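The values are calculated or read from the model by the stated rules, or taken from the named source; none is laboratory data. Being a predicted model, the structure only gives us computed values, none of them experimental. Cβ coordinates were reconstructed from backbone atoms using ideal geometry, including for glycine residues, and neighbour counts include every protein chain displayed. Areas reflect the complete protein model, heavy atoms only, side chains present, ligands, DNA and RNA absent. Shrake-Rupley method; radii C 1.70, N 1.55, O 1.52, S 1.80 Å.
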Amino acid sequence: MTTLFSPALAARFDKLVTLYPIKRSALVPMLLYAQDEVGYLSDPVIAEIAERVGVTELEVRNVISYYSLLRTKPAGKYHVQVCTNISCMLRGGNEILDHCKKKLGIPNKGTTADGLFSLEEVECIGACSWAPAAQVNYDFHENLTPESIDKVLGEYRAKAEKGAAK
Amino acid sequence: MATLSTHPDCVPVVSYRFGKGATNIDKYLELQGYESARKALTLGPDGIIAEMKVSNLRGRGGAGFPTGLKWSFVPKQSDKPKYVLVNGDESEPGTCKDRLIFEQDPHAVIEGTIIAGLSVQAKMGFIYLRGEYRYLLTIMERAVADAYAKGFLGKNIFGSGLDFDIVTQTGAGAYEVGEESALMESLEGKRGIPRIRPPFPAVVGLYGGPTIINNAETIATVPHIFRLGGAEYAKIGTERNGGTRLFCLSGHIERPGVYELPMGYNLKKMIYEVGGGIPGGKKLKAVVPGGASTPALTADEIDIGMDFDQLGKAGSMLGSGGVVVLDETTCMVEFALRTMKFYAHESCGWCIPCREGTDWLKKSLTRLHEGGAVDKDIDNIRYLAENMLGRTFCPLGDAAAMPTIAFVKKWRKEFEDHLEGKGCPYHRSHEPALALV
Amino acid sequence: MADVTLTVDGKKLSTPAGTLLIEACRSHGIEVPAFCYYPGLSLQAACRMCVVRIEKMPKLQTACTTTVAEGMIVATESPEIAQARKATIEMLLGNHPLDCPVCDAGGECELQDMTFKYGAHESKFVEIKQHRDEQQWSPVVFFDRPRCILCYRCVRVCGEGMDVWALGVQNRGAGSVIAPNRQDHLDCEECGMCIDICPVGALTSGAYRYKTRPWEMSHVGTVCTHCGDGCKTTLGVRRSNDGMDIVRGDNRDKSGINGDFLCIKGRYAFDFANREDRLTQPLVRKANGQLEPASWDQAMDFAGQRLREIRDSKGGSAIGVIGSNRTTNEEAYLLQKFARTVLATNNIDHHRTADYPAFAAALNGKVEASLRDFAGAKAILLLGNDPTEQHPGLAWQIRTSVRLQGARLYVANHRPIKLRRQATASVEIPEDGYPSLIAFLAGKPAAVAGDQNAAAFREALLKEESLLIVFGSEFRGRDIEALVQFGSTLPNVKFACLGDYANSRGAADMGLHPDLLPGYAPLSASGPFAAAWGAALPAQPGLDLPQMFDAAERGDLAALYVVGANPVARYHANPSILRNTFLVVQDMFLTETARLADVVFPAANLYEKAGTVTNTFGDLQLVKKAADRAGVRPDFELIVRLAAAMRADIKRLVSFGQRGVQADFGQARGAQSGEADRHGVWLSAQHQEPRLSPFEPFAILDEIQRLVPAYNVPRLDLLAGNDQHLRPALVQIANAASRRNLVTPSNDTLFTSGSLGSYSSTLRSVLEARQPVETAAD
Ligand SMILES: Cc1cc2nc3c(=O)[nH]c(=O)nc-3n(C[C@H](O)[C@H](O)[C@H](O)COP(=O)(O)O)c2cc1C
Ligand code: SF4
Ligand code: FES
């Protein structure tokens, strides 16, 4: 089959559907991996995945829209997810979020004009004892202060610039 | 990197290998790794379950159901394959312990899964991590591959003639998927809508087969029970509450962190001695003892042993071990609102009382917090919560209702202080609740 | 299963083990409210309205998911339960738009009813409600999201019931929403089941929305005029300037042979009746060659006189008659009686859609399957046809028994039909491979013998302890004979033959054949008919339909009388063929055939008349008059009037006013009192007593029942609206298998229905919407 995915990911998918007693079990992980590679779950991605696991596109959309990590619209290259749930809130999670808004110049769920950062207020990410915390893509950043989150954002920006220079 | 915190009162059972490089399988083996699985093999299914019952281990996922008893519900004969499912969806606000286990001691989870499998003659296990824990999947996949390489997984494990496979995967962001039947749905590639019960997973679970489903900490504890012996393990805790558990201290506390303490450990001591008390010499206002869904205790109620029974008696729950400490500056309405925002966001939407109730409560609490509420709103909040309680399709509705009822009951005055256009008397909804710097 | 005994509200109930508590209660008259529970669909336990108190249980339990247990003690009403239900409704109303005054469902809304019952009258919700604009999902399906209470009935009926799976649930929490399969529109079978099953006004019908209030309509349950399944459709009619308009079709009482089901045609394709371009005046071709309006008397007299002249001068053999697949049994019967006794001809035929005569011969007293039999079937063998497209009601029944009773379906077809998805086993054969397959099944040498799949198919089939064999028009003549012969070697077999239209079967049974009298009696056995009709009947077989056209072309057919048929379009006849034939047509529209006529009579359709029809399974049902259109007449009346205009003895044609003839309790006249007057006026003018009218089809039902023993079913049951399966007494004829093969399947789909379908704007709009969207050339 022709595929939208890189050969490595396509091979991974070929294997993934064989791991479980039913193909469909591979759906949720597959969607995540596809999103990681493509950036979001576009219509063609949905169509291919539906075919790979043998369900309708409607079914795939039903599943996608249920899970908060899955998206059908692009996000920034670095998706900044700030937790404001109880433990983080008590230790300044809202302030970290506000700080990010100001710093990046975007509202919650916004994306910077250069497409580098997007921002999202999220529910508890499992870093309560190291609050306040945020995740950038899948990386945890904990015990944050406005200063430390600045530094974190700066590092990602530098990383992107370095990548672009290459 | 998430790390364990320690205090002289800590008893390292689950955390026995934390910080010792046990992600490496050779290191794990050096530290008595996989000996428990070998022991379990010699005991056979009945022996394993008997030992588990002796240990008095109760589920660490929240409800505290006795683990040995749960395993014994799986029918011996089954037309369909049996499965073990490890619940690493850890999403209860205030809880961050499973993460530590996966990161520090992945093989303990694998070994526990094998033992659970042996106890019911399952041939396959699944370890499901929450989507946000992608970095842990890398660790787990590595550990599983190493275990296969050593012959602990796959065909003929430990040369026993038995086969056992493990598949690891993550979810994609959904608290409700931590609920056991929704977890099975998710693993089957569906929306995380819970299933109708009965039948219970032990009889009809994953792919229709009998399934053991346990929290990751529960499973990671299993090898240690066989390492120490069930009776020894039971002795560490209190009556009917065997062993230790990982308590996650967070919020307004001097030394937040994950501590392994014996079951029944006194909450007051936990806050003031283990956690170093409240920063800035502030007074304690409330403690959420077991994650966001457990009713908060007032400062007067904290002289209590932290086990399932004692907290149950106090009208709360031990839950998932997330101890969240609130100092006197906290606005209880804001806290209740943030809690409800979470449940409204996470309700799967399946049943009416939960879907509509959480949404409505969120809206009303928002209005109350912002100063637009009237008298009857407070009673209405309580009315809604009371009418959700016990009426929803799964316990998420209860999890949203119970703390809300407690907030209104115990801190009604603070709710009333928000009335008549006054809004939040604490004026700090967007200022740091704690001076961080 | 053994019965268990339980106590509900102090009453002792006994019910089979395994029954759901909600069903146990309902079957004993104890109402337990429910939004999400729907019999036959999967359980959801989502609405929490069915909560009851069961002793020894800590919480209220959902009756929809609890199975009864011995000794269970249940309370279904108490202050606690009422409070729980009330709170649930309050929560629902929190985000509900409360636009009841304009909502289609207002007055027949389950949420309204529950709110009324549990008294959630105080509005606690003061937050801002979420508004969302209404969406159009297809020409016939609209969705009003805020009204949706998320009971998931629509999702299940579409998926589980229809096997279409076009609806899903998206998002979560309060953002949850029902979603169509093409993001902003539906790609589906347009059955409208989702609309019917929606307890509120969230899903509404494109054909009905915002037209009227439910209580402003009269609701008349009658039989659908489209395919051969004979589904019950309930028509909502409302008085208009020129009669009674049909405003809505649905399946609201579900008491019909179709159970819960209704397809797009039964639900929406009544709209032809309301069209502006319907004929409402007789037309007569004038000297200038134009068809022009004429009065009834003028037109009748003209047609009657011409026909009489032709009969008297050229003999009946110069006249042909073509009947209809959609008129009632009474009309078809009357038409052939008129042809044989008044026109003195056997030149009578109709568009044959299945070889019913061969089937009748092959059956020879063996049992025919009712559509109802499919609902309880254990095993079904489907040969040919594509029921999903051509017999949607049958397809529904088959899917339902497979799903709910674990029935086994065996499919043999030359196409990959959708019902294969339900099949236990299926074989694909060449289009001409059916005879060979039957030979193989019967253990005779056959081409498929080497095929392992076919062998397994046969083996499984032969193990069945009972079987319904249903076949399409791929089978004719001797093939039917062979099939029935094979089937009869198996235990407990029943047969069904699939033909196309609402009364194709009745047309055949009633003798619209040049060589067969009613009940397939051969002309050689015309004795009882001649005696009853008091006339000598022509002895020679007449011309069949193609032969009539051939005769016309040769100049040998002086007159042709076409009732409710459009043979010119159906057989692609060259219009010039009929140029020298005096053509009389009765129809609703100026069809391709009517356009060539010398006289056209505006006819009523099946929804505007009373009588009976027989579905393709031999289920006899009553049709009731629902609508009315000023200026049109039922075919029955038109035939009688034409006979009168030919100066025939009306009393002989229709035995009205005689002893022993039972009236129809007023069914024929419908709600329209004017009609009775009209009948009376005409009778007086004919110097007849204005009592039971010869225009009442029931005047002739006695005669049919006497002369066609298969139709001799209990009359009272029939008139009460219960479908009656024909008695296995159709006459065997010797030459059935070797008759000329004139079966022309309609090849209709879900969205077409012969000529009639082209007059339904709903069907057309759906067909147009399904054309692939044109994309810019790139
Ligand atoms: C809404 C909801 C969320 C839950 N989330 C989790 C979770 O994240 N992790 C977990 O282990 N158990 C969770 N549970 C509990 C599980 O349903 C189940 O009881 C548990 O995994 C059983 O394991 P145990 O017996 O080892 O505690 C949740 C329950 C509910 C009702
Ligand atoms: S649209 Fe109607 S049937 Fe479908 S879920 Fe909503 S209320 Fe139920
Ligand atoms: S009918 Fe039982 S919960 Fe809806």
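Quick look at the numbers
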{"read-out": "Flag if A:Y40 is in a loop (DSSP other than H, G, I, E, B), within 19 Å of the chain's Cα centre (by Cα) and among the hydroxyl-bearing types (S, T, Y)", "value": "yes"}
{"read-out": "Count - residues of the stretch C:148-204 that are within 16 Å of ligand 3 (Cβ to nearest atom), assigned to a helix (DSSP H, G or I) and of a type in the set (A, V, I, L, M)", "value": "3"}
{"read-out": "Lone qualifier among B:L311, B:L261, B:L368, B:L326 - being outside any loop (DSSP other than H, G, I, E, B), farther than 21 Å from B:P395 by Cα, open to solvent by less than 10 Å² (accessible area, probe 1.4 Å) and touching a Gly at 6+ places or on another chain (Cβ under 8 Å)", "value": "B:L326"}
{"read-out": "Residue that is farthest from the other protein chains (Cβ to nearest Cβ) [pool: residues in the stretch B:82-106 that are within 11 Å of ligand 1 (Cβ to nearest atom) and open to solvent by 20 Å² or more (accessible area, probe 1.4 Å)]", "value": "B:N87"}
{"read-out": "Selected residue [assigned to a loop (DSSP other than H, G, I, E, B), more than 30 Å from B:E254 (Cβ to Cβ) and acidic (D, E)] from B:D26, B:D79, B:D9", "value": "B:D79"}
{"read-out": "Verdict on B:I110 being crowded, with 24+ Cβ neighbours inside 10 Å, at negative phi and part of a helix (DSSP H, G or I)", "value": "yes"}
{"read-out": "Test for C:M49: is it free of Cβ contacts under 8 Å to residues at least 24 places away in the same chain, within 16 Å of ligand 3 (Cβ to nearest atom) and not in a helix (DSSP H, G or I)", "value": "no"}
{"read-out": "Total residues in the stretch C:168-213, condition away from chain B (no Cβ under 14 Å) and of a type outside the set (D, E)", "value": "27"}
{"read-out": "Qualifying residue in the stretch B:269-284 (condition: closer than 25 Å to B:I115 by Cβ, in contact (Cβ under 8 Å) with a residue 60 or more places away in the chain and not assigned by TED's automatic domain parsing to the domain that holds B:L29)", "value": "no"}
{"read-out": "Test result for C:Y356, over 16 Å from C:P541 (Cβ atoms), open to solvent by less than 10 Å² (accessible area, probe 1.4 Å) and touching a Lys or Arg at 6+ places or on another chain (Cβ under 9 Å)", "value": "yes"}
{"read-out": "Subset tally (residues that are surrounded by 22 or more Cβ atoms within 10 Å (Cβ to Cβ), at the interface with chain B (Cβ under 7 Å from one of its Cβ atoms) and farther than 15 Å from B:A2 by Cβ) for the stretch A:120-151", "value": "1"}
{"read-out": "Among the residues listed as B:T392, B:T404, the single one being assigned by TED's automatic domain parsing to the domain that holds B:K341, open to solvent by less than 20 Å² (accessible area, probe 1.4 Å), among the hydroxyl-bearing types (S, T, Y) and not in a helix (DSSP H, G or I)", "value": "B:T392"}
{"read-out": "Those residues of the stretch C:555-589 which are within 17 Å of C:R326 (Cα to Cα) and in a loop (DSSP other than H, G, I, E, B), in sequence order", "value": "C:G564, C:A565, C:N566, C:M588, C:F589"}
{"read-out": "Matching entry among A:V55, A:V28 (being at the interface with another protein chain (Cβ under 9 Å from one of its Cβ atoms) and not in a helix (DSSP H, G or I))", "value": "A:V55"}
{"read-out": "Residues of the stretch C:200-243 that turn out to be over 21 Å from the mean Cα position of the chain (by Cα) and open to solvent by less than 20 Å² (accessible area, probe 1.4 Å), as a count", "value": "9"}
{"read-out": "Residue check for C:G304: buried (at least 17 other Cβ atoms within 10 Å of the Cβ), at pLDDT 95 or above and not basic (K, R)", "value": "yes"}
{"read-out": "Single match in C:G10, C:G40, C:G94, C:G71 (criterion: more than 25 Å from C:G201 (Cβ to Cβ) and in contact (Cβ under 8 Å) with a residue 12 or more places away in the chain)", "value": "C:G71"}
{"read-out": "Filter result for C:Q136 (open to solvent by 20 Å² or more (accessible area, probe 1.4 Å), away from ligand 2 (no atom under 14 Å from the Cβ), under 21 Å from C:C148 (Cα atoms) and touching a strand residue (DSSP E or B) at 6+ places or on another chain (Cβ under 7 Å))", "value": "yes"}
{"read-out": "Matching residues in the stretch B:191-206 - criterion: being touching a Leu at 6+ places or on another chain (Cβ under 9 Å) and either assigned to a loop (DSSP other than H, G, I, E, B) or open to solvent by 20 Å² or more (accessible area, probe 1.4 Å) (or both)", "value": "B:G192, B:P194, B:I196, B:P201, B:G205"}
{"read-out": "Qualifying residue in the stretch A:71-91 (condition: among the aliphatic types (A, V, I, L, M), in a strand (DSSP E or B) and buried (at least 23 other Cβ atoms within 10 Å of the Cβ))", "value": "yes"}
{"read-out": "Residue in the stretch B:158-165 that is facing another protein chain (nearest Cβ under 9 Å) and farther than 28 Å from C:A46 by Cβ present", "value": "yes"}
{"read-out": "Of the criteria (1) out of contact with any strand residue (DSSP E or B) (no Cβ under 6 Å at 6 or more places or on another chain); (2) open to solvent by 10 Å² or more (accessible area, probe 1.4 Å), which one C:S426 fails", "value": "(1)"}
{"read-out": "Qualifying residue in the stretch A:66-80 (condition: among the polar types (S, T, N, Q) and within 7 Å of another protein chain (Cβ to nearest Cβ))", "value": "yes"}
{"read-out": "Any hit, the stretch C:91-109, residues being within 14 Å of chain B (Cβ to nearest Cβ) and within 16 Å of ligand 3 (Cβ to nearest atom)", "value": "yes"}
{"read-out": "Flag for B:L153 being assigned by TED's automatic domain parsing to the domain that holds B:G59, under 22 Å from B:F102 (Cβ atoms) and away from ligand 1 (no atom under 12 Å from the Cβ)", "value": "yes"}
{"read-out": "Filter result for B:A122 (farther than 26 Å from B:F18 by Cβ, more than 14 Å from chain A (Cβ to nearest Cβ) and of a type in the set (G, A, S))", "value": "no"}
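Yes/no matrix, rows are residues, columns are (1) in a loop (DSSP other than H, G, I, E, B); (2) within 16 Å of ligand 2 (Cβ to nearest atom):
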{"site": "C:G29", "(1), (2)": "yes, no"}
{"site": "C:V32", "(1), (2)": "yes, no"}
{"site": "C:F35", "(1), (2)": "yes, yes"}
{"site": "C:Y38", "(1), (2)": "yes, yes"}
{"site": "C:L41", "(1), (2)": "yes, yes"}
{"site": "C:Q44", "(1), (2)": "yes, yes"}
{"site": "C:R53", "(1), (2)": "no, no"}
{"site": "C:K56", "(1), (2)": "yes, no"}
{"site": "C:C64", "(1), (2)": "yes, yes"}
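Rundown of residues vs (1) without any contact (Cβ under 8 Å) to a residue 60 or more places away in the chain; (2) open to solvent by 20 Å² or more (accessible area, probe 1.4 Å), yes/no style:
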residue: B:A40; (1), (2): no, no
residue: B:D46; (1), (2): yes, yes
residue: B:S55; (1), (2): no, no
residue: B:G61; (1), (2): no, yes
residue: B:G64; (1), (2): no, no
residue: B:T67; (1), (2): no, no
residue: B:V74; (1), (2): no, no
residue: B:Q77; (1), (2): yes, yes
residue: B:K80; (1), (2): no, yes
